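In what follows, a structure is listed as structure tokens, so that the remarks can point back to it.
The values are calculated or read from the model by the stated rules, or taken from the named source; none is laboratory data. This structure is a prediction, so every number in the text was calculated from the model and none was measured. Neighbour counts run over all protein chains shown; Cβ positions are idealised from the backbone, glycine included.
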Amino acid sequence: MKVLSCYYDLRYVDVTWSTADVMFQQILPDQLNNTINEGWIHKDIGFDLAGLIYLTPNANLNSGTSLFNLKPEEEKNFLLYGLQSEKECYNKQKSNIKNYKKQLENNNNKFYEKTRFQNLYNRLIVYDSNEYHKANNLYAGKNVGDRLTLVFFINGINSTKTKYPIERIKDYENYDTAINYRIDFLKNENT
């Protein structure tokens with residue numbers, strides 16, 4: 001409910017959801033400060049919201065998470081999960097390391113970073129699951145252990161009085177008008 005309160009005023013709106021999946025994710029680094037410790041930029045398809053809580057005390061701040069946009073020149077050619085060879089190469093154990101690095105770089109170079117979250121112990125981040133994102137570094141730091149997070153996904157969000165914020169944004173005809181009306185109202189109120 002705390003997460004959903006960022007999107008809805010729960011004093012006035014009843015909110016439900018169909019599923020919420022929560023799991024611990026422990027990631028072992030492959031080699032210290034090596035490029036293969038960089039995560040793959042991807043989406044968490046099939047959910048409304050995704051998020052995580054960082055659970056490694058004193059972790060390397062650079063082992064957080066970033067959100068990305070696809071570069072405009074890549075939009076036409078980019079498949080849902082990248083090229084087929086990249087998809088097959090996602091699992092390091094099934095591929096040689098040279099090929100893995102090449103495919104990782106090929107995938108991640110199609111994007112530009114727009115937001116970066118540092119790995120601060122007990123920090124919660126939440127984002128639309130359709131946002132491209134990745135772990136910036138799987139190496140949490142010397143003598144701190146593995147990169148541990150509590151990952152969650154929420155799906156089927158519904159409310160009694162208002163649309164889910166993502167749907168409001170897609171509702172250009174009504175929502176944009178309401179925003180413009182509110183801006184005009186505030187301008188007039190302050191003059």
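Structure data summary
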read-out	value
Contacts under 7 angstrom Cβ, first residue in segment 14-32 being charged (D, E, K, R), partner in a strand (DSSP E or B) and modelled with pLDDT under 85, 6 or more apart	ASP14/SER159
Filter pass, ASN122 being over 21 Å from GLY39 (Cα atoms), surrounded by fewer than 18 Cβ atoms within 10 Å (Cβ to Cβ) and at pLDDT 80 or above	no
Enumeration of residues in segment 9-26 that are out of contact with any Lys or Arg (no Cβ under 9 Å at 6 or more places or on another chain) and surrounded by 13 or more Cβ atoms within 10 Å (Cβ to Cβ)	LEU10, VAL15, TRP17, ALA20
Inter-residue pairs, beta-carbon under 8 Å, first farther than 16 Å from PHE117 by Cα and in segment 37-58, second at pLDDT 90 or above and among the β-branched types (Val, Ile, Thr), 6+ apart	PHE47/ILE154; ASP48/ILE154; LEU49/VAL126; LEU49/ILE154
Criterion (at pLDDT below 95, out of contact with any Gly (no Cβ under 6 Å at 6 or more places or on another chain) and hydrophobic (A, V, I, L, M, F, W, C)) met by exactly one of LEU67, LEU138	LEU138
Checking ILE169 against (1) modelled with pLDDT of 90 or more; (2) exposed (fewer than 14 other Cβ atoms within 10 Å of the Cβ); (3) not basic (Lys, Arg), the condition it does not meet	(1)
